[in-house]
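The next block holds one structure in the form of structure tokens; read it before the comments.
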Ligand SMILES: [Zn+2]
């Protein structure tokens, strides 16, 4: 028996125990970050208050901050440490429009009527990243461990609009591993292909000629006619799509009123396929169909790429290491109050009243050729750097995604406990990565010789594409003054629920 290995593994275990204590010591910080980000409720590309708040915490802790990375005003990255490995922590930060919701209340009740809200729970993941990094930094300093901690927020994920640009910028240049966090109602991690599709989000705008629709219609060239003909054309194309392809559209501008021939009309499409190369091919067909619609109507058209995402592929050895740490940490200890809120929401949603999950699932197996699923621009990152997604239980089973019901738990002890459990797992995984060179070797080997052996990453967008940073500006500006009045003030209130006068649990 090699005693050296024995003492080394004992020291890994004791350092992981120190991570657990370091996260538990920061329970108040977890609550403050989760509650504060919930109250800011910022849409994609508008995450300036969230940036100010998080970068101050990290700067105070000795991290250096880089701002306006990858051509995105709110894209920052924080860094601390020396040398390798460079371990990067990430999570989405943006809210959803119209989903303002009072936390802890198990029925629809907006905090600010019509305003954005965290109806998915993106207010929680950067709390995992920050608290895990602070706990790991303590230990790296104490033990003199080389390595670099790197943190960056996922901007405008709801528009799949930023991470492909980050992946193709210099932000991740020297990064060895990305641990990406995402809210869930369960505690899971996956290796291999995930249930997701590559996607492109494109808006087509037709430009015609306005005229009085009854008086001189022959002088008009209707942009709306072109939108409708493009949609007819695409819907005939739909018969010939492969079963693994999806597409959908909404008309974002159909003109002003019927008696005016619209000189401007727009339609917004999503094109999806489990093969990213085919997403580009779908976009090319759509361009031809748009050109045909323009020719038929005597209009012209422009198109704007609003977002892209590759399908996901997670690093298997890294996922296995994360899952071993999940087994050590286990599911959170839910209180009677937590379970009562969960069951009250489930009752309102008319789903089975199972409360909160208590059994840790096994490692999620890879999917073989996924044919369905949504899209998330972490996909591009997973093809640039070995990446996993750590999903943690801060939401309530039975809540609907992108819906007020998914905001209910997100500034309550349920979210705080899920975040703490995830921060322990992330922090313990950092210890593994710092002290186990074999693990880093197997992560790299999987990335080079399995994941990217046959499939080579090439971004869906062209080299001169730029992020659609104009998105959401007016929507945020409209509600920011009212939202500012409900920002969480931790100096005056122990929790956001107390500030809002919400009893816990409200059932
Ligand atoms: Zn998300």
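The values are calculated or read from the model by the stated rules, or taken from the named source; none is laboratory data. Keep in mind that what you see is a predicted model, and the values were worked out from it rather than measured. Because the Cβ atoms are built from the backbone with ideal geometry, glycine has one as well, and the counts that use them run over all protein chains shown.
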Quiz prompt | Verdict on residue 114 being at pLDDT 95 or above and either within 16 Å of the ligand (Cβ to nearest atom) or touching a strand residue (DSSP E or B) at 6+ places or on another chain (Cβ under 8 Å) (or both) | solution = no
Quiz item: So is residue 469 within 20 Å of residue 316 (Cα to Cα) and either touching a residue at least 12 places away in the same chain (Cβ under 8 Å) or in a loop (DSSP other than H, G, I, E, B) (or both) or not?
Solution: no
Quiz item: Is it true that residue 105 is under 30 Å from residue 485 (Cβ atoms), within 16 Å of the ligand (Cβ to nearest atom) and surrounded by 19 or more Cβ atoms within 10 Å (Cβ to Cβ)?
Solution: no
Self-check item: Residue match in the range 430-439 (condition: outside any helix (DSSP H, G or I) and more than 29 Å from residue 165 (Cα to Cα))
Solution: yes
Quiz item: Could you say whether any residue in the range 213-226 is touching a helix residue (DSSP H, G or I) at 6+ places or on another chain (Cβ under 9 Å) and surrounded by fewer than 19 Cβ atoms within 10 Å (Cβ to Cβ)?
Solution: no
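For the range 244-264, check the following and say yes or no: at least one residue is on the phi > 0 side of the Ramachandran plot and assigned by TED's automatic domain parsing to the domain that holds residue 322. Walk me through how you get there before you give the answer.
The initial filter retains those residues of the range 244-264 that are on the phi > 0 side of the Ramachandran plot, namely 255.
Those left that are additionally assigned by TED's automatic domain parsing to the domain that holds residue 322: none.
No, there is no match, as no residue in the range 244-264 is on the phi > 0 side of the Ramachandran plot and assigned by TED's automatic domain parsing to the domain that holds residue 322.
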Self-check item: Selection count, the range 487-502, where residues are surrounded by fewer than 19 Cβ atoms within 10 Å (Cβ to Cβ) and touching a helix residue (DSSP H, G or I) at 6+ places or on another chain (Cβ under 8 Å)
Solution: 5
Quiz item: In the range 197-209, what residues are touching a helix residue (DSSP H, G or I) at 6+ places or on another chain (Cβ under 9 Å) and surrounded by fewer than 24 Cβ atoms within 10 Å (Cβ to Cβ)?
Solution: 201, 202, 205, 207, 209
Quiz prompt | Any strands (runs of 3 or more DSSP E) falling wholly within the range 151-266 and containing at least 1 residues that are within 30 Å of residue 65 (Cα to Cα), within 16 Å of the ligand (Cβ to nearest atom) and touching a residue at least 24 places away in the same chain (Cβ under 8 Å) | solution = 177-184
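Check the range 380-388 and report whether any residue there is within 13 Å of the ligand (Cβ to nearest atom) and under 27 Å from residue 164 (Cα atoms).
no
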Quiz prompt | Answer from 93, 65, 57 - the residue that is within 16 Å of the ligand (Cβ to nearest atom) and at pLDDT 95 or above | solution = 93
Quiz item: Applying the selection to the range 267-282, what residues are crowded, with 19+ Cβ neighbours inside 10 Å and closer than 29 Å to residue 193 by Cβ?
Solution: 269, 270, 271, 272, 273, 274, 276, 279, 280, 282
Practice problem: Could you please let me know if residue 98 is part of a loop (DSSP other than H, G, I, E, B), more than 16 Å from the ligand (Cβ to nearest atom), out of contact with any helix residue (DSSP H, G or I) (no Cβ under 8 Å at 6 or more places or on another chain) and modelled with pLDDT of 95 or more? | Solution: yes
Quiz item: Taking the range 117-150 as the search range and keeping residues that are over 26 Å from residue 480 (Cα atoms) and assigned to a loop (DSSP other than H, G, I, E, B), which one is farthest from the ligand (Cβ to nearest atom)?
Solution: 144
Quiz item: Quick one: is residue 280 touching a residue at least 60 places away in the same chain (Cβ under 8 Å) and either on the phi < 0 side of the Ramachandran plot or in a loop (DSSP other than H, G, I, E, B) (or both)?
Solution: yes
